[in-house]
Structures are given as structure tokens and as C-alpha cells.
């Protein structure tokens, strides 16, 4: 998925309540193939799930820490964040650090790169009423770096992200369909592939080299199977097969077809080129060795390719 960056933002899109474009960039993989789906999905409206609200809190903290790192004035939102915890604090620190590293890299080729934070991005020149929000965008002489902050770990978060990725609202799906997505991800995670490398010790802390082989199933489905699914779905739509369905039933039919298509690939799952990271193992307050929350987040982000 894309990356992002920002600066010079007085009122972010999230706070302004601008919502989502009907023809959004993140859902273009769907509406480019099935234009009517954009209008259908827009009728469902936006709902604020607990995961989404947690993500909003995390983005607010990221924005504050990045502005602070850039020397901009910013009010610490921590006391007003409903879902703030140590993990969110650590992840937002990592985000700000990553952006600053990307900014330094941009300065090697451009003397005055521009950083845009929570920036409203308008692409209506190409797509009617098309817009979105860039978490962070770095503009340099020859390169545009877009940094996208994704927050949340676990199968439930993956399940909601999967539904959103294919332009379905997870909270509006039936419990049976929600569970079907969760069960699919359990099977996918069971295929996780990794190798432990060299271990070094520094006092009570161990550094372990971990090589992760990203699972290539979602992108592979989109690239190789989605067109056939869409053609069949469109033919059934044109034949009137869905005329008696409610909007919710139509949405269930759509997303269940995609779930079945992705699930069919699990038995022959593919992997991308491996990525190696250094994982920190430390003692907790009970003298048990554990992986830090930051490293759990990093590992999880590598397991499945989107």
C-alpha cells in the first residue's frame, strides 16, 4: 500500500469531516472494473467502528509528533485520545522517525523539499470529485514520496481492512460473513513463513535477525482472478439475478464471491522476496523475555502483502 508525508496543514481532512470520495483512490481497483459499485457502496454511508476510531486517535498522535519533530507548533492530543496506550505511543514515535529519515534522504537530492501533513489531495482533474487524504507527502525536485500510516495488529483488524480494501463496510456485513473473513485470515496466517538468523546479546537484551517471506495472495488475486470474477458478477447483474436482493444482500453476494476467490488460493499460496529485520528481545517486569510491541507491529506488517 502507499506511503505518505506532510507539513503546513492548519486543518486536516479528518478533522474537517470531509469523509470519503465516491470514486476514492483506495477503491479504484474496484470501481475501475465495476463502475456501478461506487454508487452502490456510497449509499451505505460511513460508520465509525472501534477499529476506525482507534486509527483516528493514532493518526492524530502521529500528526502531533511529526509536527513537533519538524519544529512546528502542535498541541499534544494525548489526554483527549480515547484509545491511547503504550503501543500507540511507540508506533507514533516510529512513524515520526521514519518520516524524518525519508525527509533527510530527500534533502540529499533536493535542498528544499516540502513536507505536507494530513494533506487534502485533489485528483478531480482525472476522476470526478476525486479526493483523499495523504498522511504525509514529501515533495522534492524529482520525487513525490507518499507515506501512509496503518495502525492495528491482529486478525480482526486484517478482516476489517480486507472488507474496506474491496469497498465493503465490515460493520454492515452479517456476523456469518465477518466470521468467514476471520476464518480465511486464520488460514492465511497459518501459512506464515519466516527464518531466524544470527542472535547477538547486549546486556539483558537480545537482537535476533528475522527473515520474513511476505505472503502474496491478495495482490495475486486482484491481478489474476478479479477480472474473471467481475465479468461473471456483471453478467449475473445484467441477467437480473440480483434484482430481488436488498442493498445489504447485494453487498454480501459481492464480498462473499471475493472471499471464496481468495480462499481458493490458500492451498497454493505464493511468497514474495524475503525481507530481513532485526528484532529486539527484552525482559519484561516479570523477568520473561518478550518481543517489543514495535517489533510485533513490524513483523505483522510484513507477513501479508497488499
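No value in this document is a laboratory result; all are computed from the given coordinates. Treat the numbers as computed from the prediction; the structure is a model and nothing was measured. All Cβ positions, even for glycine, are placed from backbone atoms using ideal geometry, and neighbour counts span all protein chains on display.
From the Cα gyration tensor of the range 73-169, with a ≥ b ≥ c the square roots of its eigenvalues, which class applies: rounded if a/c is under 1.5, or else prolate if a/b is larger than b/c, or else oblate? The partial results should precede the final answer.
On the way: a/c = 1.90, a/b = 1.17, b/c = 1.62.
It is oblate, given that a/c is not under 1.5 and a/b is not larger than b/c.
Which FRET efficiency value, to the nearest 0.05, is calculated for residue 94 and residue 228 with the Förster distance at 41 angstrom and r the Cβ-Cβ distance? Don't skip to the answer; put the middle values down first.
On the way: r = 40 Å, r/R0 = 0.97.
After rounding, the FRET efficiency stands at 0.55.
Which residues in the range 222-265 place their backbone N less than 19 Å from a point set 7 Å from the Cα of residue 305 along the Cα-to-Cβ direction?
Counting backbone N atoms under 19 Å from the label point, the list is 222-227, 262-265.
Report the extension gain between residue 208 and residue 241 in nm, rounded to one decimal, defined as 0.36 nm multiplied by the number of residues separating them, less their alpha carbon distance. Intermediate values should be presented prior to the final figure.
Numbers: separation 33, 0.36 × 33 = 11.88 nm, distance 5.51 nm.
Contour length minus the Cα-Cα distance gives 6.4 nm.
Only counting other Cβ atoms within 10 Å, I'd like 99, 182, 212 sorted with the fewest neighbours first. Walk me through the numbers before you get to the answer.
Numbers: 99 28, 182 15, 212 21.
Least crowded to most crowded, the residues run 182, 212, 99.
Pulled fully out, how much extra length does the chain show between residue 156 and residue 72, if you take 0.36 nm times their separation in residues and subtract their Cα-Cα distance?
Separation in residues times 0.36 nm, less the Cα-Cα distance, equals 26.7 nm.
Which FRET efficiency, nearest 0.05, do residue 198 and residue 121 yield, Cβ-Cβ r, R0 45 Å? Let's see the in-between values first.
Details: r = 42 Å, r/R0 = 0.94.
For residue 198 and residue 121, the calculated efficiency is 0.60.
Quick one, what does Rg over Rh come out to for the range 106-233 if you take C-alpha atoms and the Kirkwood Rh?
Using Cα coordinates only, the ratio equals 1.07.
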